[in-house]
Structure formats: C-alpha cells, structure tokens
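Structure first, commentary second.
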Amino acid sequence: MRLARLAALERKKIEEEYKEVRQEIRYLEGLLAAPAKILEVIRSELAELKKRYGDPRRTMIITDAEYNGSVVQAENLVPDGEVLVTISSKGEVQRIMNTARPPRSGRAYTQVLVANNRNELLLISKSGRVWRAAIHRLPEKTGQGLGESLTHLLTGWERNEEVASALDVPIDETLLAQNFLLAITRNGRVVRVSAAEVKNLHSGASLVNLEANDEVLWATLTRGDDQLLLVSAQGQGILFAESDVRPTGIGVQGVWGMKLEEKNDAVVGAGLAHAGSDLLVISQTGMHKRVPLAEYPVQGRYGKGVRTMNLDPKSGPLAAAAVVAEQDQATVLTNKRHSVDLSVRHVVQVDRYHQGHKLDLPENQHVVALLKWGGQSGPEAGAGIESASEANTTAAQGGPSLKEKVEKKKAANRVSTIQEGSDEKSQPSKEHNGQQLSLDFTDSSKNSDNPNGRSGSKGGTRDKKR
C-alpha cells in the first residue's frame, strides 16, 4: 500500500473520532441544561445497579436503642447450617457444603459425619489423645482432592496418628455440660468423662491411659442414660447401661466393659442402643446381617455377652459392627482398598445365631472395616452419636410394643439357607489392626485353628451357650 493511501486512511479515522466527540459534547450539554433528563439518567442507572447487585443484605443495622451492650462474637457471624466433614486414611480433612451429595465410594475415608457449621470437631485418636477444631475453619472441598492434612491444621498432630472417632460438639457450654464422652478400647475398656472437661483440654491432651497393646476403637457423646453395645471378634455381644460406668477424670484407664476370654480376641464394634435400631455385623469373609437390638438382653458390664453370630472356618471372625438405622448407608472396605456400598434397608434382618448373607468379595481379599454414615441423630447438643430410627416409637402412645414389632418382622424375614462362603479359611489375627471399625487398610489377619471348636451349619444352628 502506498504511503499516500495510508495517510488518507488515518485522516478518515481521525475525522470519525472527531465527529463522535462532537456528538457526545452536544448530548452532555443538552443533559446539563435539562434537570429532568439528569434525574431520568440517574433513575435508569440505579435500576441497572439494583438488578445486578440487589441480593438481600447480609448484615443487620440496629439503632442505639436496640443495642443491648453484648459483645458480638466471631462465631455469631458464621453461617448456620449442616456440612459434611470427611477424613481420609492419610489424615486429610475437608468440609463439603452440599450434604445432599454423599462422598464417592472407594475414596479412602475413615470418617464421614454430618455436622453443624458453627460447632467444633472433636477428634479422638487411636492413641487416646484429643484435638478440637472449629468446623467452619476446616478447608472447603475443591476439585478432586481429599482435603488438607491434619498435621497442618492441628498443633501436635503427628503423621503416625490415626483418627478413631470424629464428633460434632456444640460450642454452647450449657449444652455440652449435659453430655458425657464415652471412649471404647479394643481390649474392652470403657472411659466415661464429662463432656465439659474435654472443652478445657489443650490440643493433643491424653484422654485415655492405654495399655501397651491397646488402642481406642470408638468414641461418642451420650446423654448419660444410654445403653452401650460392644461386639467382639469371636462373635459375642454385650449390652449394658451407660450408668454402670462411673464418670472419671481425664487420663485414666477406665473400667472393663466386656470380658474377652481368648487371647487373640478384641472388640471390633460398638454403638449406642436406640429404639428401632439394628446391629449390623460383618465377618472377615463377608458374611453380614442385621440383628434387632431387642434380641440383646441388658446385662451388667464386664460380662461375656451373648452370641451375635455363629462363626465357622468359612465365616472367619467378625471384622466390624455398628448400630444402624434403616435409612443409613454403609461402606465395607477390604484389605486391598476395595469398597462395597451397602444400603442398610437391603441387608437381611435375622436373629443373633444366623450368619446372614455372603458379600461378593474379590479373590484373596477380606473385610477389615465398616464405615457407617448418613441418617445420624444425636442429642440436642448436636453430638455425632449412632443414629436411631423413629419408626418404632408408637409403643409409648398405645401402639404395638417394640418387641411385638421385632417378632413380627423376624417372622417375615426369617431365612434358613445361607450362601456358601469361600473355601479359604480366614481366622482371627493375633493383632487388632485388621479388625477395626474405622478404616485401616493394613492386612494383619493370619490363619489359625477354628476359634470356636465347632462348625456352624450355614448359620442355621443355634448356639445354646449364652
């Protein structure tokens, strides 16, 4: 292109810009000369701003007469509502705002609980130590990650620490003082302390004084008048009143809750008994079932308990147990991180002696853990206590009793044939790490002789020993 042509194009561009500027000047001069036009422009611009930014006010404006002199706490500014808190096997924690969407199965979660955003998260480690953290300060879920490491969030949390239980604890000291904290160990000990004492503990303080070969299995908040159910690897279960365990101070060994007769036996599950709830048990080879809690007689603590499942070489020892309600969900984990999701309402409900149904597991894998989540309900304080169904509470209002409902349901759901398990013998480990309620992926089961000294006939033979 010739230079003269370029100069002509540039001149044309300047003339067009000059014309636009002159038009803008005439418009503004006319606007300034007419106040009515100015008001109309202001009105239209404000309407546009309102349309773009007109969301509800998030603050409250009060007058001097309305102010009562109270100090506004930071907690009062935290949005109220439920969130989903997850903790992974590697100690990563995150907060999920949408509680309607459960976490994907197969992710290495050890704890999943619905909590109030304004409450505190109380963590009890397997070593018997406790930590507290504000739930609203937990990292919010982003992308596909499992969250931020607890070593970065909690003072004194070591990489080798493992979470035994995570609880939703109210910040209101009045509500907290109405509850107790119960901790169960693998060797069958029970520690019961006032929940108000835990509020004053520093991060990493010792809650339980454990023996060398013991660890915390499970912990929960209670109202003080609950009933506690413990289940052992050898298929026994004992139900006793919480009041049988006297409250103690911090850092004690606690009292015996269950008598474990065999050297390699251990408590593999625990929960609080509520009306309408069942006990979900699963063996190492995948034999699983639900048992109505009405089948467990209330005993004194430190007893052998009653039979929960007839075990044989094909079933292996019990791997985990949890008190569940019909609306709950559960995830079964194997020693090689394979997961199987269970809807509690679809698990067969039978009596204490049956073995139940066989879970389809991959070859050379066995169950090490059972994670229950969903449908949780706790005391008024908002504790993360084992859930309970309200479907059978009509007895107090003149309806059928709980026992009548249980017997009717048992008659309808009675099964006589149990699917055959695998031929490979799976026996209890001499260690406890392969039989825990929280998710531990260590394969520590070892083959041994049949611990029961007899074989069950597909779960149908009743063990008359109580």
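The values are calculated or read from the model by the stated rules, or taken from the named source; none is laboratory data. As the structure is a prediction and not an experimental result, all values here were calculated from the model. Glycine also receives a Cβ, built like all others from the backbone with ideal geometry; neighbour counts cover every protein chain displayed.
Filter the stretch 29-58 down to residues that are part of a helix (DSSP H, G or I) and acidic (Asp, Glu) and give me whichever is farthest from the chain's Cα centre (by Cα).
So, considering only residues that are part of a helix (DSSP H, G or I) and acidic (Asp, Glu), the one farthest from the chain's Cα centre (by Cα) is 29.
Look at residue 316 and say whether it is under 20 Å from residue 225 (Cα atoms) and either in contact with a strand residue (DSSP E or B) (Cβ under 9 Å, 6 or more places away or on another chain) or not in a strand (DSSP E or B) (or both).
So residue 316 does not fit the description; no.
Look at residue 4 and say whether it is in a loop (DSSP other than H, G, I, E, B) and of a type in the set (Gly, Ala, Ser).
no
I'd like to check something: does the stretch 286-297 contain any residue that is part of a loop (DSSP other than H, G, I, E, B), surrounded by fewer than 24 Cβ atoms within 10 Å (Cβ to Cβ) and touching a residue at least 12 places away in the same chain (Cβ under 8 Å)?
yes
Considering only the stretch 95-110, state which residues are surrounded by 15 or more Cβ atoms within 10 Å (Cβ to Cβ) and modelled with pLDDT of 75 or more.
95, 96, 109, 110
Determine the pairs where a residue that is touching a residue at least 24 places away in the same chain (Cβ under 8 Å), located within the stretch 298-323, has a partner that is surrounded by fewer than 23 Cβ atoms within 10 Å (Cβ to Cβ) and of a type in the set (A, V, I, L, M, F, W, C) with Cβ atoms under 6 Å apart, the partner being 6 or more residues away or on another chain.
Pairs found: 298/239; 302/256.
Can you tell me which of (1) buried (at least 16 other Cβ atoms within 10 Å of the Cβ); (2) in a loop (DSSP other than H, G, I, E, B); (3) touching a Gly at 6+ places or on another chain (Cβ under 9 Å) is the one residue 190 doesn't meet?
(2)
Where residues in the stretch 353-362 are touching a residue at least 40 places away in the same chain (Cβ under 8 Å) and surrounded by fewer than 21 Cβ atoms within 10 Å (Cβ to Cβ), which of them is farthest from the chain's Cα centre (by Cα)?
Going through the qualifying residues, I end up with 353.
Going through the stretch 231-247 one residue at a time, which ones are surrounded by 16 or more Cβ atoms within 10 Å (Cβ to Cβ) and farther than 23 Å from residue 351 by Cα? Can you show your working first?
Kept after step one, since they are surrounded by 16 or more Cβ atoms within 10 Å (Cβ to Cβ), are these residues of the stretch 231-247: 231-240, 242, 244-245.
Correct list: 242, 244, 245.
So, in the stretch 140-187, exactly how many residues are part of a strand (DSSP E or B) and not aliphatic (A, V, I, L, M)? Before you say what the answer is, go through the steps one by one.
First, the residues of the stretch 140-187 that are part of a strand (DSSP E or B): 140, 148-149, 163-169, 180-185.
Imposing the further condition that a residue be not aliphatic (A, V, I, L, M) reduces the set to 140, 148-149, 165, 168, 180, 185.
Residues in the stretch 140-187 being part of a strand (DSSP E or B) and not aliphatic (A, V, I, L, M): 7 in total.
Residues of the stretch 300-318 being among the small types (Gly, Ala, Ser) and either touching a Gly at 6+ places or on another chain (Cβ under 7 Å) or on the phi > 0 side of the Ramachandran plot (or both), which ones?
The answer is 305, 315, 316.
Which one of these is closer than 22 Å to residue 281 by Cβ, surrounded by 24 or more Cβ atoms within 10 Å (Cβ to Cβ) and not hydroxyl-bearing (Ser, Thr, Tyr): 221, 181, 228, 167?
Answer to the selection: 228.
Quick one: residue 90 ticks every box in (1) under 30 Å from residue 156 (Cβ atoms); (2) part of a helix (DSSP H, G or I) except a single one, so which number is it?
(2)
From the list 225, 265, which residue is among the acidic types (Asp, Glu), free of Cβ contacts under 8 Å to residues at least 24 places away in the same chain and either closer than 30 Å to residue 131 by Cα or part of a loop (DSSP other than H, G, I, E, B) (or both)?
Answer to the check: 225.
Which condition breaks for residue 51 when tested against (1) surrounded by 10 or more Cβ atoms within 10 Å (Cβ to Cβ); (2) of a type outside the set (Val, Ile, Thr); (3) within 30 Å of residue 76 (Cα to Cα)?
That leaves (1) as the condition not met.
Applying the selection to the stretch 111-160, what residues are under 15 Å from residue 88 (Cα atoms), surrounded by 18 or more Cβ atoms within 10 Å (Cβ to Cβ) and of a type in the set (Gly, Ala, Ser)?
Scanning the stretch 111-160 gives 125, 147.
Could you list, ordered by first residue, the pairs with Cβ atoms under 9 Å in which the first is in the stretch 26-44 and loosely packed, with under 10 Cβ neighbours inside 10 Å and the second is part of a helix (DSSP H, G or I) and aromatic (Phe, Trp, Tyr), at least 6 apart or interchain?
Final answer for the pair search is none.
Mind checking which residues of the stretch 176-192 are of a type in the set (D, E, K, R) and under 15 Å from residue 226 (Cβ atoms)?
Residue satisfying the conditions is 192 alone.
Residues being out of contact with any strand residue (DSSP E or B) (no Cβ under 8 Å at 6 or more places or on another chain) and either in a strand (DSSP E or B) or among the acidic types (Asp, Glu) (or both): count how many of those fall in the stretch 228-256.
1
With the checklist (1) buried (at least 24 other Cβ atoms within 10 Å of the Cβ); (2) over 17 Å from residue 258 (Cβ atoms) in hand, flag the one item residue 317 doesn't pass.
Looking at each condition in turn, residue 317 falls short on (2).
Return the pair list, or none, for Cβ contacts closer than 8 Å from residues in the stretch 206-217 that are acidic (Asp, Glu) to residues that are surrounded by fewer than 20 Cβ atoms within 10 Å (Cβ to Cβ), at least 6 apart or on different chains.
Between residues of the stretch 206-217 that are acidic (Asp, Glu) and residues that are surrounded by fewer than 20 Cβ atoms within 10 Å (Cβ to Cβ), the close pairs are 211/253; 215/127.
Would it be correct to say that residue 91 is among the small types (Gly, Ala, Ser) and modelled with pLDDT of 90 or more? Walk me through how you get there before you give the answer.
Numbers: among the small types (Gly, Ala, Ser): yes; modelled with pLDDT of 90 or more: yes.
The answer is yes for residue 91.
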